[in-house]
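Here the structure is laid out as structure tokens; the discussion comes afterwards.
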Amino acid sequence: MLGRTRLAAILTAVAAIGVLAGPVAQADTSVGASVSRTGAVLEMTRPVPVVGTGDPVISVVPTEVAWTRHTSWLTYGYRSLLEGQVVTVDGAVPNAAVKLYARPVGQSGWSYVATRRTSSATGIFRFDMHKPVRKTDYRVIYGPEWAYTASRAYVTVNVKRKITSTVTRNSDGTFTMTGSIAPKSAGKTVRLQRKKCGSCSYSTIKSITASSTSTYRFRFTGPTTRGTWYFRAYTPSDSGFLTSYSGYWTIRRS
């Protein structure tokens with residue numbers, strides 16, 4: 001019997017940054033500096049023949065693929081964002097064709113994803129269609145094209161598992177957290193964490209393995225004295241995924 005003490009569960013998931021009713025952060029992006037585009041568009045660069053010989057003389061221009069913005073990590077199911085430029089000493093090359101390849105961790109070869117051209121206005125290319133299924137290396141290749149040399153750049157996008165969670169109150173006053181993990185993670189360790197104040201650190205109070213259908217269930221008790229406790233589920237990192245968290249739940253005894 002709870003007597004006059006009311007045990008209330010606030011059944012609204014809140015973000016790991018502590019904002020009530022906010023979503024869990026789903027991605028983070030790294031930003032680099034961009035440069036101004038070159039004065040001449042790519043199609044206007046042509047070999048110039050030497051008078052009297054008919055043989056073309058090509059002034060070879062070295063290039064470099066430079067990232068201007070890219071996803072550093074995201075939650076499973078989201079698309080990666082990869083932006084950059086093909087750069088020369090004169091600036092960024094407009095209308096340059098670049099190819100994107102992906103290689104998830106554990107895969108030996110590269111898989112072609114798409115081809116895009118840099119903007120004629122800014123010289124920036126953009127890939128935003130690929131959903132990495134786990135930690136993935138990306139490679140962008142340019143050229144060679146006309147007088148411009150070939151170049152390439154690499155970047156790694158880390159992935160977090162998507163962990164859903166729901167908390168319900170049981171008839172005996174305890175609570176149950178249930179949820180699922182994506183992608184399928186049967187046998188993966190799942191831990192229930194608790195902290196007893198907003199400024200406290202989380203500690204693990206229970207640990208299980210995900211079911212064959214990639215779900216989990218924890219039964220636990222709420223605060224034993226007046227106050228607010230916080231609960232969340234998480235999975236440890238491994239070669240393919242970062243440490244991943246559900247949203248957290250607050251249970252208050254007043």
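The values are calculated or read from the model by the stated rules, or taken from the named source; none is laboratory data. Values in this document were obtained by computation on a predicted structure and should not be read as measured data. So basically every Cβ, Gly included, is an ideal-geometry build from the backbone, and we count neighbours across all protein chains shown.
Restricting attention to the range 190-241 and to residues that are polar (S, T, N, Q) and not in a loop (DSSP other than H, G, I, E, B), the residue that is surrounded by the most Cβ atoms within 10 Å (Cβ to Cβ) turns out to be T235.
Are any of the residues in the range 122-133 in a loop (DSSP other than H, G, I, E, B), farther than 17 Å from L74 by Cβ, of a type in the set (V, I, T) and in the same structural domain as R79 (by TED's automatic domain parsing)? Within the range 122-133, one or more residues are in a loop (DSSP other than H, G, I, E, B), farther than 17 Å from L74 by Cβ, of a type in the set (V, I, T) and in the same structural domain as R79 (by TED's automatic domain parsing).
Taken over the range 77-101, the criterion of being surrounded by fewer than 21 Cβ atoms within 10 Å (Cβ to Cβ) and within 24 Å of S239 (Cβ to Cβ) is satisfied by G77, Y78, R79, L81, Y101. Of all residues in the range 123-146, those that are polar (S, T, N, Q) have Cβ atoms under 6 Å from Cβ atoms of residues that are assigned to a strand (DSSP E or B) and surrounded by fewer than 19 Cβ atoms within 10 Å (Cβ to Cβ), 6 or more apart or on another chain, in T136/P104. Within the range 161-189, the residues that satisfy the criterion of being among the aliphatic types (A, V, I, L, M) and in a strand (DSSP E or B) are I163, V167, M177, I181, A182. Inspection of the range 178-186 identifies no residue that is small (G, A, S) and either more than 27 Å from the chain's Cα centre (by Cα) or more than 30 Å from Y230 (Cβ to Cβ) (or both).
Take the conditions closer than 24 Å to K131 by Cα, assigned by TED's automatic domain parsing to the domain that holds Y148, touching a strand residue (DSSP E or B) at 6+ places or on another chain (Cβ under 6 Å) and part of a loop (DSSP other than H, G, I, E, B) and apply them to S80. Does it pass? Answer is yes for this residue.
For the range 136-155, the criterion of being in contact with a strand residue (DSSP E or B) (Cβ under 7 Å, 6 or more places away or on another chain), of a type in the set (A, V, I, L, M, F, W, C), over 27 Å from L81 (Cβ atoms) and in a loop (DSSP other than H, G, I, E, B) is met by at least one residue.
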